[in-house]
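Encoded as structure tokens, the structure appears first; notes follow it.
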Amino acid sequence: MKSTTRRTLAAVITGVAAAVGAAATPAAAAGTVPVTVPLNGAEKALGTELPEVGGEIPLPAADRPEAPRFVTGRLLPERTVPQVPVNGGLPGLGARAPLAHVLGDGFDHVGVAAPATPLRTLTPGLSLDAPLTAPNPAGSHLPDLKQPEIGILAPVLRTDPAAALTAGTGR
């Protein structure tokens with residue numbers, strides 16, 4: 001490859017990266033990054049209508065976990081390893097494809113739209129208690145022995161996905 005071609009290719013890649021970075025900044029504030037598949041050049045080169053494909057990629061963000069709560073009669077807090085909430089979303093998809101008429105010219109279209117939906121999760125957590133009780137003020141002021149306790153806090157996943165399938169005539 002010639003050095004002129006390499007320089008041109010590097011300039012094009014730098015320009016595309018700058019454009020994508022500038023476009024992603026407002027999207028990052030919104031929580032999703034739009035993604036489109038550019039097929040216009042191939043559509044013009046082939047002289048036919050191609051599908052339109054795009055989507056949204058959500059950006060996950062961790063929230064602040066709940067603080068451990070101390071309970072009377074326990075040496076360790078109620079949630080030793082707290083659950084961490086992570087909010088994000090399911091990716092969105094938008095696609096529209098032409099369907100050629102079997103007889104005659106022209107196209108109909110079929111499309112699917114599944115918008116990005118919010119996703120709220122909680123990571124697994126752990127609740128422990130030591131095999132000792134609090135100091136006994138009535139006796140020798142030493143802790144008594146008891147059964148150790150361990151509990152696993154199950155992860156949580158909440159979302160409400162939706163999708164729509166459409167078909168129609170024309171562009």
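Of the numbered criteria (1) at pLDDT below 65; (2) within 21 Å of the chain's Cα centre (by Cα), the one V16 fails is (2).
Can you tell me how many residues within region 64-107 are over 20 Å from G125 (Cβ atoms), among the charged types (D, E, K, R) and surrounded by 13 or more Cβ atoms within 10 Å (Cβ to Cβ)? Final tally of qualifying residues: 1. In this structure, does F70 turn out to be farther than 30 Å from L145 by Cα, among the hydrophobic types (A, V, I, L, M, F, W, C) and in the same structural domain as A164 (by TED's automatic domain parsing)? When the stated conditions are applied, F70 does not pass them.
Go through region 116-130 residue by residue and tally those that are of a type outside the set (G, A, S) and more than 34 Å from the chain's Cα centre (by Cα). Qualifying residue count, region 116-130: 1. Among all residues of region 117-130, there is none that is exposed (fewer than 11 other Cβ atoms within 10 Å of the Cβ) and either among the aromatic types (F, W, Y) or farther than 30 Å from G31 by Cβ (or both).
Conditions tested, residue by residue: (1) more than 25 Å from A162 (Cβ to Cβ); (2) touching a strand residue (DSSP E or B) at 6+ places or on another chain (Cβ under 9 Å).
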site	(1), (2)
P38	yes, no
A42	yes, no
G47	yes, no
P51	no, yes
P60	no, yes
T72	yes, yes
V84	yes, yes
G88	no, yes
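Where residues in region 27-39 are surrounded by 10 or more Cβ atoms within 10 Å (Cβ to Cβ) and in a helix (DSSP H, G or I), which of them is modelled with the highest pLDDT? My answer is A30. So which residues in region 51-63 are surrounded by 15 or more Cβ atoms within 10 Å (Cβ to Cβ) and assigned to a loop (DSSP other than H, G, I, E, B)? L59 - this is the single residue of region 51-63 that is surrounded by 15 or more Cβ atoms within 10 Å (Cβ to Cβ) and assigned to a loop (DSSP other than H, G, I, E, B). Could you list, in sequence order, all residues of region 127-155 that are among the hydrophobic types (A, V, I, L, M, F, W, C) and in contact with a Gly (Cβ under 7 Å, 6 or more places away or on another chain)? Within region 127-155, A134, L153 meet the criteria. Screening P77, P118 for residues that are assigned to a loop (DSSP other than H, G, I, E, B), closer than 30 Å to V156 by Cβ and either assigned by TED's automatic domain parsing to the domain that holds N136 or modelled with pLDDT of 75 or more (or both) leaves exactly one candidate, P77. Assessment of region 91-107 against the conditions (in a loop (DSSP other than H, G, I, E, B), under 22 Å from G31 (Cβ atoms) and modelled with pLDDT of 80 or more) yields at least one matching residue.
Being under 32 Å from the mean Cα position of the chain (by Cα) and polar (S, T, N, Q) is the filter; apply it to region 131-171 and report the residue that is surrounded by the most Cβ atoms within 10 Å (Cβ to Cβ). The qualifying residue surrounded by the most Cβ atoms within 10 Å (Cβ to Cβ) is T159.
The values are calculated or read from the model by the stated rules, or taken from the named source; none is laboratory data. Fair warning: this is a prediction, and the values are worked out from it, not measured in the lab. Neighbour counts are summed over all protein chains in view; Cβ atoms, including those assigned to glycine, are modelled from backbone coordinates with ideal geometry.
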